[in-house]
Amino acid sequence: MKVKCEQMFGSQLQPGDLFSTAGPDYWDQLDERGSIGERVYIRTNTPADVAVQGDAVVFRITIEKGD
């Protein structure tokens, strides 16, 4: 699988989006860690304008299936 990261503010995420505080450098080394679980969160329905994390820089995660 290939993990793609798009940098944005937490307030730009839509409910259901997957995101991480780890950027591309972290995700580019995914296969080297041999982990069965990773640092991904899911955006909830809580309004972003009241969330402390709304101004935080995060990375929207998109997973593409490999061959």
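The values are calculated or read from the model by the stated rules, or taken from the named source; none is laboratory data. From a predicted model like this one, the values you see are computed outputs, not experimental measurements. Cβ atoms come from the backbone with ideal geometry, glycine included; neighbour counts cover every protein chain shown.
Figures for the structure shown
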read-out	value
Of the criteria (1) in a strand (DSSP E or B); (2) at pLDDT 95 or above; (3) not hydroxyl-bearing (S, T, Y), which one G16 fails	(1)
Top-ranked residue of segment 19-28 - restricted to ones that are without any contact (Cβ under 8 Å) to a residue 24 or more places away in the chain and in a helix (DSSP H, G or I), ranked as farthest from the chain's Cα centre (by Cα)	D25
Residues (modelled with pLDDT under 85 and among the charged types (D, E, K, R)) located in segment 34-67	D49, D67
Filter result (surrounded by 14 or more Cβ atoms within 10 Å (Cβ to Cβ) and under 17 Å from E64 (Cα atoms)) within segment 7-28	D17, L18, F19, S20, Y26, W27
Residue within segment 54-66 that is surrounded by 14 or more Cβ atoms within 10 Å (Cβ to Cβ), aliphatic (A, V, I, L, M) and part of a loop (DSSP other than H, G, I, E, B) present	no
Test: residue in segment 29-51 that is in a helix (DSSP H, G or I), more than 11 Å from the chain's Cα centre (by Cα), loosely packed, with under 11 Cβ neighbours inside 10 Å and touching a residue at least 24 places away in the same chain (Cβ under 8 Å)	yes
